[in-house]
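Data first, discussion second: the structure below is written as structure tokens.
The values are calculated or read from the model by the stated rules, or taken from the named source; none is laboratory data. As the structure is a prediction and not an experimental result, all values here were calculated from the model. Here Cβ is always computed from backbone atoms with ideal geometry, including for glycine, and neighbour counts include all displayed protein chains.
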């Protein structure tokens with residue numbers, strides 16, 4: 001005989017429901033929303049891929065002017081500060097000028113000496129020319145006396161001793177005339193050489209003055225100080241870069257597209273530029289030009305596919321993009337910023 005409590009009670013289907021079955025409609029709704037969103041996103045991405053070519057391998061570029069030292073020397077004063085706006089011709093650095101002032105003074109003294117030598121030689125040539133003229137007159141007189149003496153000797157009017165004296169005087173006057181003429185010619189021949197020496201000394205003086213002017217190092221263009229590697233007291237070498245100036249006239253974008261993306265890219269196509277620093281701002285631009293070589297071709301060691309095993313690697317080609325609108329004051333751009341570009345190809 002069964003115990004009354006051992007009988008199984010009937011299930012109450014209304015009071016107890018399957019929680020999995022109850023959540024099925026919610027799951028279906030959520031899944032539908034996700035699928036719909038994925039389809040919309042995928043459709044937009046696919047549609048965008050037909051109209052645009054995109055890359056995030058892009059940076060803002062600008063003209064960077066190096067400020068270099070044209071002479072070696074010790075830095076006396078640095079007038080430039082970090083991020084300072086400068087204009088072409090502004091003095092940024094001064095080097096100690098004492099050594100170059102001494103060189104200038106030495107060159108100036110050498111020039112004065114060369115000029116004085118030319119003047120002295122010119123005076124000597126003039127004096128020699130005057131002496132030659134006087135000797136010529138004396139020689140002519142002695143020759144005339146000799147001619148008369150010969151006639152008188154033939155007539156036995158003068159003695160042989162007197163004739164010999166006249167003849168010796170004529171020969172001496174002729175020799176003096178020849179010597180004076182040679183001396184004048186020698187002095188005149190020295191003048192062109194000494195004038196050439198003057199030009200040489202003038203060039204040395206100009207060079208010394210140039211080197212002295214190089215002690216004031218100026219900025220080559222308008223822009224902003226972006227990199228300063230110099231301090232007072234530092235000794236700088238010839239050609240050493242001390243400051244970098246980023247030009248303020250124009251900035252552009254260099255986007256490195258894969259070679260498989262270049263088929264439909266043409267100069268003049270509109271470009272949307274998104275700067276990482278301003279994610280909510282879009283800048284407008286256009287394609288200006290495509291490079292005639294890949295980036296790998298201009299590396300220090302360009303690849304040589306004929307030297308060994310070949311592995312095909314997709315190359316990237318730089319594309320220059322210029323801004324068609326100037327950035328406002330709230331969205332300042334700087335060289336080196338990362339950007340994403342979308343080129344509209346259709």
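The condition (being over 30 Å from residue 320 (Cβ atoms) and modelled with pLDDT under 80) is satisfied by just one residue among 23, 69, 49: 23. Take the conditions (1) more than 18 Å from residue 61 (Cα to Cα); (2) under 29 Å from the mean Cα position of the chain (by Cα); residue 330 misses just one of them, which is (2). Among the residues that make up the stretch 329-338, is at least one of them touching a residue at least 40 places away in the same chain (Cβ under 8 Å), assigned to a strand (DSSP E or B) and surrounded by 14 or more Cβ atoms within 10 Å (Cβ to Cβ)? No, the stretch 329-338 has no match at all. For the stretch 309-328, residues that are in contact with a helix residue (DSSP H, G or I) (Cβ under 9 Å, 6 or more places away or on another chain) and surrounded by fewer than 10 Cβ atoms within 10 Å (Cβ to Cβ) total 2. For the stretch 253-264, a residue qualifies if it is in contact (Cβ under 8 Å) with a residue 40 or more places away in the chain and surrounded by fewer than 17 Cβ atoms within 10 Å (Cβ to Cβ), and the qualifying residues are 258, 259, 260, 262, 264.
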